[in-house]
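Okay, structure first, notes after.
Read-outs: derived from the displayed coordinates by stated rules, not from any lab. Because the structure is predicted, anything quoted here is derived from the model rather than measured. No Cβ is skipped: glycine too gets one built from the backbone with ideal geometry, and neighbour counts run over all protein chains shown.
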Amino acid sequence: MKNIFLTVFFIVTNSFAHQIENFSSKPVLASLQDLQDINAPIWASDKTTGVAFTYLTPELQFQLQSQSHRKGKCGGFEVLPPTEAFDMNSILKEFEKLKKIHLKNQADLKGPVQFKTIQHQAFIEEALSRVQATQLQEMITWLSSFKSRNEMSKEPNAHVIQMKNKAEAWLQTWPGKWKSELIDHTSTKQKSLKITLLGQTKPDEIIVLGGHHDSTSYWGGNSGAPGADDNASGSSNLLEILRVLTEQKPSERTIEFMWYAAEESGLLGSAEIAKTYQSQKKDVIAVLQLDMTSYPGSGEMTIANITDFTTPWLHDLMKQLNQLYVGLKIVDDECGYACSDHASWYRQGYSTVVPFESTSEKMNPDIHSTADVVSPQLSFRHSAAITQLSLAFALELANSEQRSF
Ligand code: BES
Ligand code: ZN
C-alpha cells in the first residue's frame with residue numbers, strides 16, 4: 001500500500017520534478033534528518049537507514065552544507081543518475097538494497113566481526129618506513145597550486161593528466177603488470193583516474209584505494225578552490241602509497257588506485273564507477289577512502305574511524321593494523337550519509353572503511369574556501385601516519401590468505 005501511494009504520488013508530481021530540473025535541481029539521496037532540518041521536501045525516505053530522496057536546488061544544497069558544516073557535521077548527498085531518479089520503483093528498490101546492507105552490518109556488530117588476528121610482517125614494516133612526509137608536503141603544495149580542481153573550472157582535467165603522468169613515470173621500472181586509465185563520465189566533463197597494479201595469483205580479487213581529486217569553494221567564480229586538505233591531502237596519500245608500492249614486489253591480489261571526479265558535486269565519479277563494478281559483478285574485497293587527512297583537529301596522531309555507511313570487519317582490521325604498525329589514537333565517529341565517495345560503494349554492497357583526520361566536530365573549518373591552503377595548521381606527519389595505515393591495509397589485504405572476517 002505504501003509503495004502504491006509513493007508510486008501514485010510520484011507519477012502525479014513527476015512533471016513537476018521535470019520543471020524543477022529545469023531550474024538545475026538535482027535528484028539526490030541524503031540524510032533524512034539533515035533535509036528535515038532545512039525544511040527540504042522529502043519525496044521518499046527510509047527510517048531504518050535515515051536516508052531520504054529529494055530534489056536539491058542550489059539554494060537547498062548551500063543550506064544543507066553550510067548548516068551541517070556549522071554544526072561540525074558533513075552535509076553529504078549523492079546525485080542519482082536520471083535512470084534511477086525518474087522511476088519511483090527503482091528509488092524504492094535502492095532504499096531496500098541500502099536497508100539490507102545496513103541491517104546486515106548492524107547484525108554483524110552484535111556478533112564476531114573480527115578479521116583473523118593478524119601477525120606483524122617485516123615486509124609491511126619495511127614498506128611503511130618508505131612513506132615520506134616531505135613527499136606529501138610537496139604533492140599537496142603542488143595540487144593546491146592549481147587555481148581550482150573543480151569539475152566546472154576552465155580545465156577540469158589539467159591536474160588529472162599531470163597526476164597520470166607522474167604515476168606512469170614511477171611505474172616504468174616496476175616489474176609487475178599495471179594499467180593506467182582515464183575514466184570518462186556521463187554526468188561530468190571531469191575524468192577519474194585509475195591505476196591498477198595487477199595481482200600475481202588472484203588478479204580478479206580487488207582492493208580499492210580511493211579519494212576525490214576535485215576541489216570546491218563556496219564563493220565559486222574566480223576566487224579559486226585550492227583544496228589543500230580537501231582533498232589534495234587524500235589524493236597525495238594515494239600517490240605516495242603508489243610510489244612506495246612501485247618499490248615493492250607485486251602483491252597476490254590486485255590493488256586499484258582511484259582518484260574520483262566531481263565528488264564535491266554529489267559523488268558523481270565514484271557513483272558511476274561503483275555502479276559499473278556492481279553490474280559487472282567485480283569482486284572488490286574492500287574499499288578504503290582517503291578524504292581529508294592533514295588537519296589534526298583532535299590532536300596530532302589522533303584520527304577518526306568513520307562508523308556510519310562503512311563496514312564493521314574493516315574497522316577491526318584497521319584498528320589491528322594500527323596497533324601493529326602505526327600507533328595512532330583512533331576514535332569512532334560518524335559523518336552522515338554520502339559525506340564522501342565510500343557511500344557510492346557502500347550502496348552497491350561493497351565493504352568500506354574511512355580513516356579521517358579528526359572527529360567531524362573538529363575537522364578543518366577552512367574547507368570549501370580559499371583559505372584551504374598549505375599552512376602551519378596542516379601536519380604532514382599526521383597525514384603520513386594515515387598514509388602508512390592505508391598502505392598497511394593494502395599490503396595486508398592484498399597478500400592475506402583470508403579475504404573477509
Ligand atoms: N571532505 C569533505 C567532507 C568529509 C568529511 C569527507 C568527513 C569524509 C569524512 C567532502 O569532500 C565534502 O565536502 N562532502 C560534502 C558532501 C558532498 C557530497 C558534496 C559534505 O559533507 O558536505
Ligand atoms: Zn573531500
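When peptides 355-362, 391-398 are sorted by average Cβ neighbour count within 10 Å, with the highest value leading, the order is 391-398, 355-362. Beyond 18 Å in Cα-Cα separation lie the following of the pairs Lys116/Lys319; Lys47/Lys362; Lys47/Lys93: Lys47/Lys362. On full extension, the segment bounded by Ser180 and Trp219 gains 10.6 nm, given 0.36 nm per residue less the C-alpha separation. Counting only lysines at least 8 places from Lys189 when in the same chain, those with an alpha carbon closer than 28 Å to its own are Lys26, Lys147, Lys154, Lys164, Lys166, Lys179, Lys275, Lys281, Lys282.
Please list the equivalent ellipsoid semi-axes of the chain, computed as the square roots of five times the alpha-carbon gyration tensor eigenvalues, in descending order and whole angstrom. Don't skip to the end; give the middle numbers.
Working: eigenvalues 211, 117, 83 Å².
Listed largest to smallest, the semi-axes of the chain are 32, 24, 20 Å.
Here the label points at Lys71 and Lys329, each 7 Å from Cα along the C-beta direction, are separated by 2.6 nm in the simple model.
Round to the nearest 10 and give me the degree value, 0 to 90, for the angle of helix 158-171's Cα axis relative to the longest principal axis of the chain. Roughly 30 degrees, rounded to the nearest 10. How tilted is helix 234-245 with respect to the longest principal axis of the chain? Cα atoms for both, answer in degrees (0 to 90, nearest 10). Rounded to the nearest ten degrees, it is 30.
Which length gain, in nm to one decimal place, applies between Glu361 and Lys97 when the Cα-Cα distance is subtracted from 0.36 nm times their residue separation? Walk me through the intermediate numbers first.
Numbers: separation 264, 0.36 × 264 = 95.04 nm, distance 2.99 nm.
Contour length minus the Cα-Cα distance gives 92.1 nm.
Packing, as the average of other Cβ atoms within 10 Å across residues, places the peptides 32-39, 346-353 in the order 346-353, 32-39, highest first. Taking Cα atoms only, the orientation of helix 380-399 departs from the longest principal axis of the chain by about 90 degrees.
Compared with the alpha-carbon gap, the fully stretched path from Gln280 to Thr173 is longer by 35.4 nm at 0.36 nm per residue.
Checking the a/c ratio against 1.5 first, then a/b against b/c, what shape does the Cα gyration tensor give for segment 301-405? All intermediate terms of the calculation are to be shown ahead of the outcome.
Values: a/c = 2.09, a/b = 1.35, b/c = 1.55.
Taking the square roots of the gyration eigenvalues as a ≥ b ≥ c, segment 301-405 is oblate.
What does the helix-only formula give at 222 nm for the chain: each DSSP H stretch with n ≥ 4 adding -39500 (n - 2.57), the total divided by the residues, and the result rounded to the nearest 500 deg cm²/dmol? Each step should come with its number before you reach the end.
On the way: 13 runs with 160 residues, N = 405.
One gets -12500 deg cm²/dmol as the mean residue ellipticity at 222 nm.
When peptides 306-312, 246-252 are ranked by their average number of other Cβ atoms within 10 Å per residue, the highest-first order is 306-312, 246-252. Max-minus-min Cα coordinates of segment 131-186 on each principal axis give 38, 33, 13 Å, with the largest extent listed first. Only the Cβ atoms of Lys and Arg (+1) and of Asp and Glu (-1) were treated as charged; on that basis the dipole of the chain about its Cα centre amounts to roughly 580 debye.
Of all DSSP-defined beta bridges confined to the chain, some 55% are antiparallel rather than parallel. Ranking Met88, Pro296, Leu242 by how far each Cα lies toward the positive end of the dipole of the chain (charges on Cβ) leaves Met88 at the top.
Paramagnetic label reach from Phe123 (point 7 Å along Cα→Cβ; backbone nitrogen cut-off under 14 Å): within segment 160-188, residues 175-176.
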